[in-house]
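Laboratory data are not the source of any read-out in this text; all were calculated from the coordinates shown. Just so we're clear, the structure is a prediction, and the values are computed from it rather than from any experiment. Here Cβ is always computed from backbone atoms with ideal geometry, including for glycine, and neighbour counts include all displayed protein chains.
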Amino acid sequence: MAMSTFLRNRYWVLRHGKSVPNERGLIVSSMANGMLEEYKLASEGVNQAQLAGEAFLKASVCLKDKMVYLLEHRMRNEASEYLTIELKEENIPLENVRICYSPFSRTSHTAKVVASALKIPFDGPQCKAIEEFRERFFGPSFELMSHDKYLDIWALDERDPFMPPEGGESVADVVSRLTRALGTIESEFQGCAILVVSHGDPLQILQTILNAAKQQEGSNGSDLTSRMQSVKVQSILSQHRKFALLTGELRAVV
């Protein structure tokens, strides 16, 4: 995955593993509820996070670090196969991996499992909670209601992504805080593999704006803020559902 010219890092996204709210069919989108331990990962979600961490290791981390990991886990047959693989330019040393995650319990739980899979200390500098990656707040009328209500929200998004559900956030509102998060990451890190661990709607929206911005390569104004502002239009934001992720799904973005 070649690095984009308007970004200093490479980005992957990971939707949290299957959570207790997923199992119960509940919308949990407020910060107050989202931070509660009772809404962390279900057992299936822990397994999904573990598999995602292993997949990220194979997809992003350089050959030397893969070899160390495999040998430490006595996976010598698989390690010997990696000896025949040439180190590609897009591979990044394990020490350059950064896990940036939503502070909600289900996403921090996912990030912790992934960090363990990568043998990265979760309380160390390579893991960072970023509040702007929190779940989209759908408003008090949807909070703790059935997942079936998402269809009403997404229908509103398609009609007008600048119109929020009552008391909640619009797609455009989420774009604004995601842009701030990207600006923070880009100012702090360079040449890193950034794994963003977040939620369905924020990650759909993040992929939408980065994909649109990437298509503007070579256009005037190459800074991040200018690009994000230029793609913050109805025709682009209304289509965010095209980038939907399953729970525990990992995807390279830019």
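Search the structure for amide H atoms under 5 Å from the amide H of V97, placed 1.01 Å from N in the peptide plane, and list their residues when 5 or more places away or on another chain.
Those qualifying (amide H under 5 Å, at least 5 residues apart or on another chain) are A193.
Could you give each residue of the stretch 111-127 its phi-based ³J(HN,Hα) in whole Hz, using Karplus coefficients 6.51, -1.76, 1.60 with θ = phi - 60°, and x for Gly or Pro?
Values per residue, Gly and Pro as x: 4, 5, 5, 5, 4, 5, 4, 8, 6, 10, x, 5, 8, x, x, 7, 10 Hz.
Using the Cα centre of the stretch 163-218 as the reference point, and only Cβ charges (+1 on K/R, -1 on D/E), how large is the resulting charge dipole? Debye, rounded to the nearest 20.
Computed about the Cα centre, the dipole is about 120 debye.
Karplus couplings for the stretch 146-154 from phi (6.51 cos²θ - 1.76 cosθ + 1.60, θ = phi - 60°), rounded to Hz, Gly and Pro as x?
Along the stretch 146-154, the couplings run 5, 4, 4, 5, 4, 4, 5, 5, 5 Hz.
Starting from the amide H of V254, placed 1.01 Å from N in the peptide plane, find each other amide H under 5 Å away whose residue is 5 or more places distant or on another chain.
For V254, whose amide H was placed from the backbone, the distant partners under 5 Å are Y11.
Let's see if you can work this out: charge +1 on each Lys and Arg Cβ, -1 on each Asp and Glu Cβ, no other charges. What is the dipole magnitude of the stretch 111-224 about its Cα centre, in debye to the nearest 20?
The calculated dipole for the stretch 111-224 is roughly 480 debye.
Which of the three applies to the stretch 116-230, rounded, prolate or oblate, going by the alpha-carbon gyration tensor with a ≥ b ≥ c and a/c under 1.5 meaning rounded?
oblate
Would you mind checking the pairs K149/K242; K40/K214; K40/K119; K18/K242; K58/K112; K119/K149 and listing those with alpha carbons more than 30 angstrom apart?
Beyond 30 Å: K40/K214; K119/K149.
Once both labels are modelled 7 Å past Cα along the beta-carbon direction, what's the A252-E158 spacing in nm?
Here the modelled spin labels are 3.1 nm apart.
What's the ranking of 94-106, 126-138, 191-203, 152-164 by average number of surrounding C-beta atoms within 10 Å, highest first?
191-203, 94-106, 126-138, 152-164
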